[in-house]
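Report on the structure given below.
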Amino acid sequence: MDEAMKDLRPWIGRVRTVEDDVGLMAVRRAAGTFDMDPAAFTTGSALPPHWFGLFFAETVRQSEIGPDGHAKKGVVLPPIPMPRRMGAGRRVKVMGSLRAGEPAVKKAEVADIVPKTGRSGDIFVLTMRHTIEQAGKTIAVDEFDAIYRPAVPPGQKTTATVPTQARTDHAWSETTELTNALNFRYSAMTWNAHRIHYDGDYTRSEEGYPALVSNGGLSMHLMVDAALKHASGRLAGFTARLVHPLWVGERIEVRGEGQKDGRLKIWAADRNGVLCGEMDLEFAA
């Protein structure tokens, strides 16, 4: 790992700029995916505050795609020498909302790369910082961690996190079915070709999961969607942590406390009541 860091350390601080026109038809497709009226959005419409995560996809050439469906190492992200990548924590500050049909940019910075040794062996933690700007203003700063792990030996299952039952003292809950169609549409919008979300044979044989993995970004989006239904004020930011996979074809139940002093705590459970994610949201008056 020390040898790998010699090659990886120069990546820290690098910034890649991605442009997006936040096109009206893309906005309307997003609205339809999340069961909103597409016609409610016109050029100049303010989007929901967390929708910046649906745009600015990296348009990587087909020849630059690796065997797992992600871009090959070193094309977009640092060449971390471990094949399996999964999202983990996230810290977001929200200053405004994107507007439909107006050019915007994402500045993607490699904030840090940290080698660690955990319960399941050696890992690398990559921290990316995305700054979203439109019309000369910062809309959001999204910092998130991705964990890189070694490959699963052939025929073995991936090392699973120990299931923990989710709290049941919630004040409200919202449930969404994680259908194949919803995961497909979300992956298409975000241009995510990671095969664990659609290729069952690859998922089981190469990555050791028992079923297709529901997209973690989708889980976080649905969690914020649920929170906005039960909160008042402007979303100013949130922190999130994914702790257990959700499988395509199951459901996510988002549970939450009541809002207090501009803060709202929510968490997600699977169909068996297992805790899958946690989020703390902050709202401004």
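The values are calculated or read from the model by the stated rules, or taken from the named source; none is laboratory data. In this text the structure is predicted, and so the values were computed from the model without any measurement. FYI the Cβ positions are ideal-geometry reconstructions off the backbone, even for glycines, and counts take in every protein chain you see. Ligands, DNA and RNA are excluded from the accessible area calculation, which covers all protein heavy atoms including side chains. Shrake-Rupley method; radii C 1.70, N 1.55, O 1.52, S 1.80 Å.
For segment 93-228, build the convex hull from the C-alpha positions and give me its volume per residue in Å³. Don't jump to the answer; show the numbers that get you there.
Numbers: hull volume 21.8 nm³, N = 136.
Enclosed volume per residue, from the Cα hull, is 160 Å³.
I need to check one value: relative contact order of segment 50-156, counting alpha carbon pairs closer than 8 Å and at least 6 residues apart, in percent.
This gives 30 percent for segment 50-156.
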Practice prompt. Name the lysines eligible as straight-distance cross-link partners of K6: C-alpha to C-alpha under 19 Å, and not fewer than 8 places from it in the same chain.
Written response: K73, K116
Worksheet, complete the sentence: Treating only Lys and Arg (+1) and Asp and Glu (-1) as charged, each at its beta carbon, one finds that segment 43-138 has a dipole about its Cα centre, in Debye to the nearest 20, of 240 debye
Item to complete: Show that you can apply the helix-only estimate: for the chain, add -39,500 (n - 2.57) for every DSSP H stretch of four or more residues, divide by all residues, and state [θ] at 222 nm to the nearest 500.
Response: -4500 deg cm²/dmol
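How large, in percent, is the carbon and sulfur part of the accessible surface of the chain at a probe radius of 1.4 Å? Don't skip to the end; give the middle numbers.
Details: 7110 of 14160 Å².
C and S fraction of accessible area: 50 percent.
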Response to the item:
Comparing V114, V254, V213 in a Gaussian network model of the chain (Cα, 10 Å), the one with the largest mean-square fluctuation is V114
Worksheet item: Using the Kyte-Doolittle scale, which helices in the chain average at least 0.0 and also have C-alpha atoms spread 18 Å or more along the helix axis, with helices defined as whole DSSP H runs?
Response: 216-229
Worksheet, complete the sentence: Neighbours of D2 by Cβ distance under 15 Å: Lys/Arg at +1, Asp/Glu at -1, summed charge 0
Worksheet item: Using only the Cα atoms of segment 174-285, what do you get for the radius of gyration and for Dmax, in Å?
Response: 14.9, 50
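Please report the equivalent ellipsoid semi-axes of segment 28-140, computed as sqrt(5 x eigenvalue) of the Cα gyration tensor, largest first, in whole Å.
Values: eigenvalues 194, 57, 42 Å².
Those come to 31, 17, 14 Å.
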Item to complete: Any lysines with Cα under 19 Å of the K137 Cα? List them, leaving off those in the same chain fewer than 8 positions away.
Response: K93, K106, K107
Item to complete: Would you list, by chain and number, the aspartates and glutamates whose Cα falls below 14 Å from the Cα of K72, excluding same-chain residues fewer than 8 positions away?
Response: E58, E64
Worksheet, complete the sentence: Here, trypsin sites (Lys or Arg not before Pro) of segment 119-152 satisfying both criteria (DSSP loop; at most 13 other Cβ within 10 Å) are R119
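Could you report segment 40-142's accessible area per residue, 1.4 Å probe, as an integer in Å²?
Values: 4670 Å² over 103 residues.
Heavy-atom SASA per residue in segment 40-142 reads 45 Å².
Quick one: compute the contact order of segment 171-285, relative version, from alpha carbon pairs under 8 angstrom and 6+ residues apart, as a percent. Could you put the intermediate results ahead of the total?
On the way: 215 pairs, mean separation 34.6, N = 115.
The value is 30 percent.
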